[in-house]
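First up is the structure itself, then whatever we jot down about it.
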Amino acid sequence: MNKILVVNPMTTRTKNVVRDVVYGCWCKGKRIGGATVPPFVLLQIASCLKTAGFEVVFVDAQAEQRAVADYADALAGVDLVILSTSTMSFTDDVEYIREVKRLAPGARAAVFGSQPTFLPEAVLAFPEVDFAIRHEPYFAAVDLARAMAGDLPLEAVPNLSRRAEGGGVVSTPEVFETDLDRLPVPDVDLLPKGVGYFNPIVKRLPYITTTTSWGCPGKCAFCTAPAFDGPKVRFKTADYVVRELAFYQEKGFKEVYFRDDTFFVNTKRELAIFKGMRERGLDLAWIANARVGMISESMLESAKTAGCHLIKFGIESGVQEILDRSRKGYKVERAVATFAAARRIGVDTHAHVMLGMPGETAETMERTIDYVVNTLRPTTATFGICTPYPGAPLFEEVRAVHPEIGDGTSVNLETLHLDGFYNQFYTTLRPEELGRAVRRAYRRFYARPGYILGWVARLRSPNDLRRVSIAATKLFDFCFRGD
């Protein structure tokens with residue numbers, strides 16, 4: 001095998017597509033303040049391949065806004081193309097693969113992410129796709145490269161689905177890695193030079209994303225993570241995490257955005273990470289995700305002393321009956337107490353909210369928006385539309401009654417979070433009502449005079465002014481004009 005192309009594909013539908021998680025694309029556009037992210041998972045795969053001795057070409061075409069023709073010379077000799085895909089990006093990604101293969105006709109394409117994991121047959125129905133890597137792509141990608149080089153039979157590659165010679169699809173067993181410390185620290189030098197990844201919630205640039213664990217203890221009905229990550233949450237050791245963070249600081253990064261599904265799961269390990277950061281003298285700001293009910297006030301204080309300035313929570317709804325129906329696993333009163341504690345301690349909070357959840361009505365949507373704006377009072381918030389995706393119990397519930405949902409890809413990057421998608425079958429709401437409600441929620445949260453003045457008072461530097469101005473411009477454009 002000569003070369004492997006690991007690429008973050010560009011889509012013409014929007015300039016910023018967030019693909020730094022293993023499931024693939026999860027959001028885009030002005031609704032998230034124009035955020036752009038380093039494609040961490042692809043970077044991790046490229047680093048695994050390099051460590052195994054393969055020649056790797058890494059292209060972040062989305063960040064650089066590079067069409068395939070713009071790097072055609074680099075495609076010479078490429079045998080394997082690897083990229084992430086998901087339900088909402090799949091149709092765009094197939095077109096991208098088609099163009100790559102036109103310029104590199106001998107190349108074969110492997111995709112990973114949510115869509116290949118849960119619907120490999122549907123993915124492989126497209127001739128552009130040769131391999132679907134299910135679940136974890138890191139070591140499977142290395143084994144696939146070895147198999148294509150003739151050093152390993154394809155049958156020995158874990159988590160792999162491919163077309164069988166006699167028709168149909170053949171799949172190897174799924175394997176969930178238990179020793180995450182086997183992963184090489186990502187080679188950040190592969191990232192494109194001169195690209196300034198921007199995120200409105202990141203205070204100190206440049207920043208990098210990473211993960212310290214795989215999996216989530218939650219079992220939410222709308223989420224693909226439990227089925228994707230397997231039955232157990234798995235962790236990098238504290239020593240590994242501290243070494244990785246030290247490496248990022250040496251490379252000039254000033255902030256880390258931990259993209260674990262839930263960072264605060266193993267208290268002993270987290271405290272060891274914080275201790276190691278202090279002992280190494282690391283000066284890194286950081287952001288992480290937490291579940292309501294799984295982070296104590298003392299942990300909030302410890303996180304802050306270790307550099308944490310923002311914690312993100314999946315709030316989803318402010319109506320207990322809706323949370324219970326979706327198996328969210330927390331009480332609204334607990335969320336109120338957690339957000340109040342964070343304010344006292346001085347840690348910012350972000351609330352992820354989903355409208356159009358099972359059982360939703362116009363009245364419950366308004367209760368949720370009011371709850372977030374006036375009761376929780378997070379520092380920032382995002383509002384989206386609950387969407388049934390393959391791999392989530394909610395998708396199977398819808399598909400059992402409405403098989404016309406197919407593989408789910410009729411929701412795409414153009415319509416994502418702008419209109420409902422099959423929500424009318426488990427709510428009392430029409431698709432267009434949900435799109436209007438999302439924009440109304442953004443206006444109610446961000447267009448408050450007191451909230452705007454509060455952000456003006458928080459500005460401390462030209463960088464603060466820049467990131468708040470960019471985010472505000474994007475958000476208000478979305479609020480009043482749509483995406």
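Given the structure, is Pro137 in contact with a strand residue (DSSP E or B) (Cβ under 6 Å, 6 or more places away or on another chain), touching a residue at least 12 places away in the same chain (Cβ under 8 Å) and over 16 Å from Val6 (Cα atoms)? Against the criterion (in contact with a strand residue (DSSP E or B) (Cβ under 6 Å, 6 or more places away or on another chain), touching a residue at least 12 places away in the same chain (Cβ under 8 Å) and over 16 Å from Val6 (Cα atoms)), Pro137 does not qualify. Scanning region 83-95 for residues that are of a type outside the set (A, V, I, L, M) and surrounded by fewer than 24 Cβ atoms within 10 Å (Cβ to Cβ) returns Thr91, Asp92, Glu95. The listed residues are Val68, Val18, and the only one of them that is crowded, with 19+ Cβ neighbours inside 10 Å, modelled with pLDDT under 90 and assigned by TED's automatic domain parsing to the domain that holds Ser161 turns out to be Val18. The helices (runs of 4 or more DSSP H) located wholly in region 76-131 that include 1 or more residues which are over 19 Å from Gly168 (Cβ atoms) and under 20 Å from the mean Cα position of the chain (by Cα) occupy 90-103, 114-118.
Kindly indicate whether Gly276 is over 22 Å from the mean Cα position of the chain (by Cα), in contact (Cβ under 8 Å) with a residue 24 or more places away in the chain and on the phi > 0 side of the Ramachandran plot. For Gly276, the condition - over 22 Å from the mean Cα position of the chain (by Cα), in contact (Cβ under 8 Å) with a residue 24 or more places away in the chain and on the phi > 0 side of the Ramachandran plot - is not met.
Residues in region 408-429 that are part of a loop (DSSP other than H, G, I, E, B) and either among the hydrophobic types (A, V, I, L, M, F, W, C) or modelled with pLDDT of 90 or more (or both): how many? Matching residues across region 408-429 total 9.
Selection of region 228-256 for residues being among the hydroxyl-bearing types (Ser, Thr, Tyr) and touching a residue at least 60 places away in the same chain (Cβ under 8 Å) yields Tyr240, Tyr248.
The numbered conditions (1) of a type outside the set (S, T, N, Q); (2) over 23 Å from Thr12 (Cα atoms); (3) touching a Pro at 6+ places or on another chain (Cβ under 8 Å); (4) in contact (Cβ under 8 Å) with a residue 60 or more places away in the chain are all true for Pro173 except (4). Restricting attention to region 134-168, the residues being in contact with a Pro (Cβ under 6 Å, 6 or more places away or on another chain) and over 18 Å from Leu49 (Cα atoms) number 1.
The values are calculated or read from the model by the stated rules, or taken from the named source; none is laboratory data. Since the structure is predicted, the reported quantities are computational estimates derived from the model, not experimental observations. No Cβ is skipped: glycine too gets one built from the backbone with ideal geometry, and neighbour counts run over all protein chains shown.
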